[in-house]
């Protein structure tokens, strides 16, 4: 019997069997992907309540701005110091209040009008929701 060289006895593995990923590699990659996505989604969930609070704060600021613009439009030099004129009761010294619903949220407003010695008036406003 003739001896064959050793290199001929080795089976050559076809190259198509070495392509692709093993099951362990797929499981590890899936686990890493799942942990990463879970982290991203939890970060988004944590940020949602502050964003809603900020939106309500912006709406409250716009509501207060609209009230101040309305008060400013009622300023009339002819009736400013006339205590008998009832047309500008919203600018009369004292505490005034109101409310409005914006985007299904009720905003309550309280503002105080005070007079100074020179005839000027100051408005301090609080908006809550």
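Derivation of every value follows stated rules applied to the coordinates shown; laboratory data play no part. For clarity, every value in this text was computed on a predicted model and none was experimentally measured. Neighbour counts run over all protein chains shown; Cβ positions are idealised from the backbone, glycine included.
What the table shows:
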read-out	value
Label-point gap, in nm, between residue 126 and residue 68 - each point 7 angstrom along Cα→Cβ	1.8
For region 22-128: relative contact order, % (alpha-carbon pairs under 8 angstrom, 6 or more apart)	18
For region 19-129, alpha-carbon Rg over 2.2 N^0.38 Å	2.07
